[in-house]
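See structure below.
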Amino acid sequence: MQEFIITGGRPLSGELTLQGSKNSSLPIMAAALLGGGETVLKSCPELTDVYSASRILNCLGCKCSISDGTAVIDPAGAEGSEIPENLMREMRSSIMFMGAILGRTGECTVSIPGGCELGPRPIDMHLAALKKMGADISDKGGRIRCRINGGRAHGARITLPFPSVGATENIILCAVTAGGETIVNNAAREPEICDLCGFLRARGADIKGDGGSSIVINGVEELHGCEYTIMPDRIAGATYLSMTAAAGGEMILKNACVAETEPFLSVLEQTGCTIYAGRDKIYLRSCGRLRAVRERIRTMPHPGFPTDAQAVLMAALVRAEGTSVFEENIFDCRYRHTAALIKMGADIEVMGKVAVVRGVSRLHGAEIEATDLRGGAAMAVAALAAEGTTRLSGIAHIDRGYEKFEEAVSRLGGDIRRV
Ligand code: UD1
């Protein structure tokens with residue numbers, strides 16, 4: 001099991017070019033399964049989750065190769081409709097393939113991804129929507145079989161009880177080649193949804209309204225190949241900005257999606273950091289001692305404060321002057337990183353979905369273990385701002401979402417080694 005050895009307490013400085021978005025890559029790779037023609041994806045991050053998606057494509061008979069940040073996907077021989085349980089377990093987002101497989105073959109068999117490190121993540125909204133589009137669904141011992149009579153889904157009017165990112169994506173994936181019009185009300189508005197729709201439009205799909213809460217998809221007969229560049233990863237961006245804010249120093253983030261990062265930047269700015277944002281660059285300077293954020297930091301669906309940035313911002317605020325209060329509204333178990341931060345000297349009290357962070361003047365290194373992707377990244381943020389050396393295990397979680405994490409941190413002057 002690999003670990004990161006991180007020695008903190010020194011300011012960071014430098015320039016970083018942001019990787020492509022993990023949360024865009026996964027549904028876009030699923031979307032490449034639909035229709036005909038080869039897809040060339042530029043800026044495809046080389047992450048363990050992306051390799052898991054590639055293995056799923058391969059097992060469905062779809063060719064997929066990834067090198068030097070480019071994925072080439074050819075669905076010509078993709079006749080498979082079943083994802084084995086071991087591949088479903090590798091990554092929760094494997095559920096995203098359900099809509100695409102159904103759209104391609106009219107049937108699919110997957111397993112319930114089950115509980116994960118963020119608590120139970122049900123798929124009831126995904127299944128209810130696919131049923132409305134004509135799927136018969138049965139569950140035998142955790143294996144879910146979906147079958148569409150006649151082989152082609154039909155359009156439907158679907159109102160989601162909550163703007164679920166994954167459910168919105170699955171509906172879009174099933175609807176682009178379905179017969180007729182699908183309307184998704186209360187759709188998720190995350191930028192990665194727009195990226196998925198941008199990709200599908202480049203392949204000939206008819207989709208309108210993405211980025212708003214009502215998306216209209218008119219099914220087309222065929223999709224063709226295309227070349228597409230995946231959007232930058234706004235959460236990786238938030239992580240590196242939080243890191244420099246916490247340790248002090250200055251950095252320039254290049255290939256940044258500035259508008260999409262705004263809900264995070266507007267909160268980070270309240271900590272006293274100097275931030276300038278250009279078209280696709282963000283400059284940040286921090287004196288290393290932040291101010292607490294006065295308003296309660298509430299995670300909300302986009303354009304609210306992103307749940308994926310909650311842990312990394314908290315890690316930056318543990319050494320701030322004053323008390324910051326977080327409210328996690330998206331996931332039930334998203335404070336698991338707080339135990340490690342407390343071990344490093346932080347003063348955090350968790351009460352249900354609220355976490356009260358009272359700023360301390362110093363953190364110290366410790367032996368800690370990453371419990372989930374963003375929580376693990378948050379521990380690295382804290383370690384770089386702490387005095388002494390931290391041994392961070394469980395870093396497979398971090399490798400799921402950060403491309404060459406230690407290289408990026410080293411480029412900013414951080415003292416980090418993988419052992
Ligand atoms: C996606 C992101 C994840 C991000 C999350 C919220 C990817 C690969 N992952 O996850 O990084 O943290 O959006 O922005 O893009 N829910 C149900 N029933 C369902 C579906 C969801 O109850 O059928 C609940 C979930 O348990 C959760 C909430 O809805 O509490 C939001 O989940 P959702 O938006 O679906 O997140 P994911 O798509 O899983």
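Enumerate the strands (runs of 3 or more DSSP E) found wholly within segment 336-419, keeping only those where 2 or more residues are farther than 27 Å from V325 by Cα. Explain how you work it out, then say what you get.
Numbers: elements: 347-351, 354-358, 367-369, 389-393, 415-418.
In segment 336-419, 389-393, 415-418 are the strands (runs of 3 or more DSSP E) which contain 2 or more residues that are farther than 27 Å from V325 by Cα.
When you go through L47, L41 one by one, which is the residue that is open to solvent by less than 10 Å² (accessible area, probe 1.4 Å), over 19 Å from R203 (Cβ atoms) and outside the structural domain of E387 (by TED's automatic domain parsing)? Let's see the steps before the verdict.
Numbers: L41 fails: over 19 Å from R203 (Cβ atoms).
Result: L47 is the single residue among L47, L41 that is open to solvent by less than 10 Å² (accessible area, probe 1.4 Å), over 19 Å from R203 (Cβ atoms) and outside the structural domain of E387 (by TED's automatic domain parsing).
Residues being away from the ligand (no atom under 16 Å from the Cβ) and under 28 Å from A386 (Cα atoms): count how many of those fall in segment 1-48.
Residues that pass the stated criteria total 18.
Would you tally the residues in segment 120-142 being over 18 Å from G103 (Cα atoms), open to solvent by 50 Å² or more (accessible area, probe 1.4 Å) and away from the ligand (no atom under 13 Å from the Cβ)?
Counting residues in segment 120-142 that are over 18 Å from G103 (Cα atoms), open to solvent by 50 Å² or more (accessible area, probe 1.4 Å) and away from the ligand (no atom under 13 Å from the Cβ) gives 3.
More than 16 Å from the ligand (Cβ to nearest atom) and open to solvent by less than 10 Å² (accessible area, probe 1.4 Å), is that true of A175?
Numbers: more than 16 Å from the ligand (Cβ to nearest atom): yes; open to solvent by less than 10 Å² (accessible area, probe 1.4 Å): yes.
Criteria met by A175.
So which residues in segment 246-261 are touching an Asp or Glu at 6+ places or on another chain (Cβ under 7 Å) and polar (S, T, N, Q), if there are any at all?
N255
Collect the residues in segment 181-199 that are of a type in the set (S, T, N, Q) and away from the ligand (no atom under 13 Å from the Cβ), keeping them in residue-number order.
Restricting attention to segment 181-199, the residues satisfying the condition of being of a type in the set (S, T, N, Q) are 182, 185-186.
Correct list: T182, N185.
When segment 143-172 is examined, which residues are found to be of a type outside the set (S, T, Y), open to solvent by 30 Å² or more (accessible area, probe 1.4 Å) and within 16 Å of the ligand (Cβ to nearest atom)?
Once the filter is applied, which keeps residues that are of a type outside the set (S, T, Y), open to solvent by 30 Å² or more (accessible area, probe 1.4 Å) and within 16 Å of the ligand (Cβ to nearest atom), segment 143-172 yields P161, F162, V165.
On the basis of being aliphatic (A, V, I, L, M), buried (at least 19 other Cβ atoms within 10 Å of the Cβ) and under 21 Å from V165 (Cβ atoms), does L253 make the cut?
No: the conditions fail for L253.
Within segment 373-414, how many residues turn out to be among the polar types (S, T, N, Q) and within 16 Å of the ligand (Cβ to nearest atom)? Spell out how you get there, then give the answer.
Here is the first cut: in segment 373-414, the residues among the polar types (S, T, N, Q) are 389-390, 393, 410.
Pick out the ones that are also within 16 Å of the ligand (Cβ to nearest atom) and you get none.
Within segment 373-414, residues that are among the polar types (S, T, N, Q) and within 16 Å of the ligand (Cβ to nearest atom) number 0.
Pairs, please: C-beta under 7 Å, at least 6 apart or cross-chain, first residue within 14 Å of D280 (Cβ to Cβ) and in segment 239-257, second hydroxyl-bearing (S, T, Y) and crowded, with 22+ Cβ neighbours inside 10 Å?
Final answer for the pair search is L253/Y240.
Considering only strands (runs of 3 or more DSSP E) fully contained in segment 1-72, which possess at least 1 residues that are farther than 30 Å from G248 by Cβ?
Details: elements: 4-7, 12-17, 39-42, 63-67.
Passing ranges, in order: 39-42, 63-67.
Can you tell me which residues in segment 250-299 are within 16 Å of the ligand (Cβ to nearest atom) and within 20 Å of D195 (Cβ to Cβ)?
If the condition is that a residue be within 16 Å of the ligand (Cβ to nearest atom) and within 20 Å of D195 (Cβ to Cβ), then C257, E260, T261, E262, P263, F264 are the ones that fit.
Only one of (1) at pLDDT 95 or above; (2) within 13 Å of the ligand (Cβ to nearest atom) fails for S94. Which number is that?
Only one criterion in (1) at pLDDT 95 or above; (2) within 13 Å of the ligand (Cβ to nearest atom) is unmet by S94, namely (1).
Which of the residues belonging to segment 277-324 are polar (S, T, N, Q) and open to solvent by 60 Å² or more (accessible area, probe 1.4 Å)? I'd like the intermediate steps shown before the answer.
First pass over segment 277-324, keeping only residues polar (S, T, N, Q): 286, 299, 307, 310, 323-324.
Of everything in segment 277-324, just one residue is polar (S, T, N, Q) and open to solvent by 60 Å² or more (accessible area, probe 1.4 Å), namely T323.
So which of A100, A76, A30 is of a type in the set (A, V, I, L, M), open to solvent by 10 Å² or more (accessible area, probe 1.4 Å) and out of contact with any Cys (no Cβ under 6 Å at 6 or more places or on another chain)? Explain how you work it out, then say what you get.
On the way: A100 fails: open to solvent by 10 Å² or more (accessible area, probe 1.4 Å); A30 fails: open to solvent by 10 Å² or more (accessible area, probe 1.4 Å).
From the options A100, A76, A30, the qualifying one is A76.
Return the residue satisfying two criteria in turn: it lies in segment 256-276 and is closer than 20 Å to V293 by Cα and in contact with a Pro (Cβ under 7 Å, 6 or more places away or on another chain), and of such residues it is most open to solvent (accessible area, probe 1.4 Å). Even if it seems obvious, please write down each step before you answer.
Here is the first cut: in segment 256-276, the ones closer than 20 Å to V293 by Cα are 261-276.
Right, trim to in contact with a Pro (Cβ under 7 Å, 6 or more places away or on another chain) and you get 263-264.
Values: P263: 23, F264: 5 Å².
Filtering first and then ranking leaves P263.
The values are calculated or read from the model by the stated rules, or taken from the named source; none is laboratory data. Just so we're clear, the structure is a prediction, and the values are computed from it rather than from any experiment. Cβ sites come from the backbone with ideal geometry, for glycine too, and all protein chains shown count toward neighbours. When the accessible area is computed, the model is the full protein with side chains, heavy atoms only, and any ligands, DNA or RNA have been set aside. Shrake-Rupley method; radii C 1.70, N 1.55, O 1.52, S 1.80 Å.
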